[in-house]
Amino acid sequence: MSGKTVDQVLKRIAHNWDLPDQAEITLEANPTSVEASKFKDFAAAGVNRVSLGIQSLRDQDLKALGREHDVAESQAAIKLAQKSFPRMSFDLIYARMGQTVADWQVELQEAIDLAAGHLSLYQLTIEQGTAFYNAFHRGKLILPEEEVSAEMYELTQQVCADAGLPAYEISNHARPGQESQHNLTYWRYGEYIGVGPGAHGRLFYEGELRATVQKKKPEDWLKGVATSGHATDDVEILPLRAQAEEAVMMGLRLVEGINLEAFRQTTGHSLEAFLASPQVETLLETGFLTKDPHHLKATEKGRPLLNSLLTEILP
Ligand SMILES: C[S@@+](CC[C@H](N)C(=O)[O-])C[C@H]1O[C@@H](n2cnc3c(N)ncnc32)[C@H](O)[C@@H]1O
């Protein structure tokens, strides 16, 4: 996207909604030199935070991940982003093919040395319908064993906390006050408007929470906007059960947990009543979940097992 397009999008947002001066305006960018050459224009347009998809600090792995940038470009882009924007973050993927815990420890330290106030660190997941999925199931892609990945996760928590970047979400780490505001909105199950090809939104109006989906293919999206002024593909009223499920799936990712009062205020219903079950009692007793008067959270022990916890909590 050109700086000019970003500028026009932001102007339109400010025209249609209240845009406070201190609003976080994040742009996701690839760390190629072409993209980095636009940072100045993005900042001039009003972007005040950038998130770079670095993925790996090893050239060989960037190739294997099918990425267009190399490590030298990444380091240059990180440094330029720090000069160009008040806040920045970058993403890495770990538990990659052939990676050992010791390899990741060295790479993670390099990342921390490069980082500003925020880091996203994801374990590689193999998604159905991708080339990786096929390679993995044909035995052509060897990934670290589950125990090794778990050890990498533990190490990540420890090293980042010691460096002053504790986790505030399963895969996200920040210096206090540097948490990503837009991501917190999704995890806290706030409202958001989704504009652009494939974008999802959650909007409360006429007494109902609605899930909006935009047309996925950019060409279809453009055509929709040109002919009817929007490219909304679907608007669905979310029943209470779906809202509770989403709030749980999102909120348990956060170290702060689910805000029970906020759920009651937006939906008028008690999440605790919805979640009352012998399974949840057991997870509380065995220390995978914990509760205070305002929050239900996954503990340090529970968070890495969230997917399994969710199958118990939301049968
Ligand atoms: C919302 S995604 C952004 C997608 C982005 N366009 C990309 O290039 O991957 C945020 C981050 O998810 C991570 N990610 C993408 N694919 C992944 C996978 N298969 N497993 C784990 N993390 C992944 C990357 O670090 C990416 O920067």
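The numbers here are math on the coordinates, done by the rules we state, and not lab data. Just so you know, these numbers come straight off a predicted model, no measurement behind them. Here the Cβ positions follow ideal geometry from the backbone for every residue, glycine too, while neighbour counts run over all protein chains shown.
Which ones in the range 160-177 are surrounded by fewer than 18 Cβ atoms within 10 Å (Cβ to Cβ) and aliphatic (A, V, I, L, M)?
Selection gives ALA161, ALA163.
Taking the range 4-22, which residues are within 23 Å of ILE78 (Cα to Cα) and crowded, with 16+ Cβ neighbours inside 10 Å?
Correct list: VAL6, ASP7.
State the number of residues belonging to the range 249-272 that are of a type in the set (Val, Ile, Thr), assigned to a helix (DSSP H, G or I) and in contact (Cβ under 8 Å) with a residue 60 or more places away in the chain.
Residues meeting the conditions: 1.
Within the group ALA29, ALA95, ALA81, which residue is in contact with a strand residue (DSSP E or B) (Cβ under 8 Å, 6 or more places away or on another chain), without any contact (Cβ under 8 Å) to a residue 60 or more places away in the chain and at positive phi?
ALA95
Just to be sure I understand the filter: pairs with C-beta atoms under 6 Å, separated by 6 or more residues or on different chains, first member in the range 284-303 and among the β-branched types (Val, Ile, Thr), second member in a strand (DSSP E or B). Which pairs pass?
Close Cβ pairs (under 6 Å, with a partner that is in a strand (DSSP E or B)) amount to THR290/LYS297; THR299/THR290.
What about LYS140, is it among the basic types (Lys, Arg), surrounded by fewer than 18 Cβ atoms within 10 Å (Cβ to Cβ), assigned to a helix (DSSP H, G or I) and more than 13 Å from the ligand (Cβ to nearest atom)?
When the stated conditions are applied, LYS140 does not pass them.
Going through the range 47-56 one residue at a time, which ones are in contact (Cβ under 8 Å) with a residue 40 or more places away in the chain and away from the ligand (no atom under 16 Å from the Cβ)?
Residue satisfying the conditions is VAL47 alone.
How many residues are within 15 Å of the ligand (Cβ to nearest atom) and surrounded by 18 or more Cβ atoms within 10 Å (Cβ to Cβ) when one looks only at the range 59-90?
12
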